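These notes are about the structure you will find just below.
Read-outs throughout are calculated quantities, based only on the coordinates presented, and are distinct from any laboratory measurement. These numbers were taken from a predicted model, which means no experiment stands behind them. Reconstructed Cβ throughout: ideal geometry from the backbone, glycine too, with neighbour counts over all protein chains shown.
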């Protein structure tokens, strides 16, 4: 198992990426082989300085970096020697089994969509986020922005992919799927939600519990919460802002701390043939470690194979 | 000026409605005449008990009540002697200038749409909510559920109606209008948001500042925040749940207290020819007082006339 890591992505790269790799190697009992992509001159000294065990590591030199605010498509095209471009090249050519980065999110999405095949039968890949539940558990919200306009069939696929991810990666047995909507009863909602409900109801591959409302997002009602990427993205960013508000207001409540999304170590793009994990720009060591762990788990548990199976 | 009040609507009616009327009469220097609609036998003794001054009051007996969970259309049709049906009859026939209720929200919406004309030129009326801003101010979010599917022209009208309301009722000068979206730049978003942006940009009747994201809702960026009723309803209910969460987690932060929407005294239906104000089911005296004040202000400041003018 070989996991490629963009060492140059994120506000605290490459230092925090190196520290994350170290944490991963120290804590994981059967770690994967890692390809560290980035500026050799920046990475190698840090590896020595932090005494990172080197037997499973290989540095792949990249002399370019795609900055956080560059235009994704343009940057990917013009910076073929960037860490992100090289990562996708390794992944597409089979030299890596998974790729993680906390760099330019747009470039990660564009790179994935252009260089990695969609899973057989998937209309469009999707991205999700963890939603901390008041009860202590976690829920999965998707789509959170990759697909601003959706068809009912897409939401139905998000429900399946989200369920597989929730079960195999988040460890939630028989995850409850809720359709995010403006009312509880069947027949409520906009045209999309009305047309999606019957598809979810008839879908034998998921445990559909019906509509959920905005007030149900934080409570222990549904584990997988499905909507199009417009509503999902606005909810995600609203939820992210809750952490910031609680920090500024000095609210010392552990629950709001859990809205600090940098703890979660990135989100995979679901529905493509190989694991790609995107991290937050502000990722620190723990987030890098968690991103590597998510990629490893996805490979070990054959999450993508299971998704393919459930989508048939 | 005559304001009709449904005394039977809400979880704490008629007691809290009577106490709200009393507060209103005590605090307002030039109070309106009030028509108190409801069960005479329940209301009259409370008015005596609480020493409510009676010179501006008239009780209109209603021997039926539409319960909170009744089907709106069916209930309105079958309960012609209910306080809500009588309220709309008084409003439509010109015997009242405004109507407020904390009763069955669906029945209030259906009653309004069927018995009160839309303002000239309005495609569809809308409902809004106050969003407490971290800075201490308030924003207005609309639509919050009356129109789950919208056309760009509707969102453009919501922006105008919201601006007039924000200016005349919330006291915000030259309110900044933001289009709720998934990114900042023009061209971002789903098909609806993309098509709405140019309309807002060209609209001379509003102060359009561009797109706002989920993270901007609580900060002091836009005063009037526009979206279709699907996203808006989910955001409203999510925001409402924040108060409940903070109560359960015993977070003693004044800001989260402001998400207790019962403080705000109801929301008017915007875009119809007469003021109709709908209150929360859990409305207490203060909320009733505030609802009456909103109706009075809307009449005094000719909010509807101004909206009509700005929509030309």
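Computed quantities for the displayed model
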read-out	value
FRET efficiency estimate (nearest 0.05) - Cβ-Cβ, residue A:95 to residue A:185, R0 56 angstrom	0.60
Burial order of peptide ranges B:35-48, A:45-58, A:198-211, B:150-163 (average beta-carbon count within 10 Å, highest first)	B:150-163, B:35-48, A:198-211, A:45-58
Average other protein chain Cβ within 10 Å of Cβ, residues B:237-247	5
For the protein assembly as shown, fraction of C-alpha pairs farther apart than 50 Å, in %	19
Ratio of the Cα radius of gyration of segment A:82-129 to 2.2 N^0.38 Å, where N counts its residues	1.14
Cα gyration tensor shape for segment B:94-203, rounded if a/c is under 1.5, else prolate or oblate	prolate
Paramagnetic reach from residue A:61 in segment A:1-37 [backbone N under 15 Å; point 7 Å along Cα→Cβ]	A:36-37
Tensor-based shape of segment B:1-124 (alpha-carbon gyration tensor, a/c under 1.5 rounded, otherwise prolate or oblate)	oblate
Euclidean distance of C-alpha centroids, segment B:79-100 and segment A:110-175, integer Å	49
Ellipsoid semi-axes in whole angstrom, largest first, where each is sqrt(5λ) of the Cα gyration tensor of segment B:219-261	22, 14, 6
Quarter of Cα convex hull surface for segment A:123-263, i.e. mean projection, nm²	8.1
Crossing angle, helix A:15-27 versus chain A [Cα axis fit, 0-90 degrees, rounded to tens]	80
Rounded to whole Å, sorted largest first: equivalent-ellipsoid semi-axes of segment A:66-150, Cα gyration tensor	26, 16, 14
Taking chain B and dividing mean pair separation by its residue count, relative contact order in percent (alpha carbons under 8 Å, at least six apart)	23
Extended-chain gain in nm, criterion 0.36 nm per residue less alpha-carbon gap, residue A:27 and residue A:118	29.5 nm
Cα-based convex hull, segment B:6-49, per residue volume (Å³, whole number)	71
Contour excess over end-to-end distance, with Cα ends at residue B:263 and residue B:1 and 0.36 nm allotted per residue	91.9 nm
Rounded tilt (10° steps) of B:285-300 against the dominant C-alpha axis of chain B	70
Cα-based equivalent ellipsoid, chain B: semi-axes from gyration tensor eigenvalues, Å	33, 21, 18
Taking segment B:1-152 and dividing mean pair separation by its residue count, relative contact order in percent (alpha carbons under 8 Å, at least six apart)	23
Segment A:123-263: relative contact order in percent, alpha carbon pairs under 8 Å with at least 6 residues between	31
Within segment A:123-263, percent of DSSP bridges classed antiparallel, to nearest 5	30
Rh (Kirkwood; distinct C-alpha pairs) - segment B:38-95, Å	12.7
Computed over segment B:199-292, Cα set: Rg, Dmax in Å	15.8, 47
Folded to 0 to 90 degrees: helix B:191-202 orientation relative to chain B principal axis, Cα	90
Within 10 Å of each Cβ in B:249-262, the average number of Cβ atoms from other chains	3
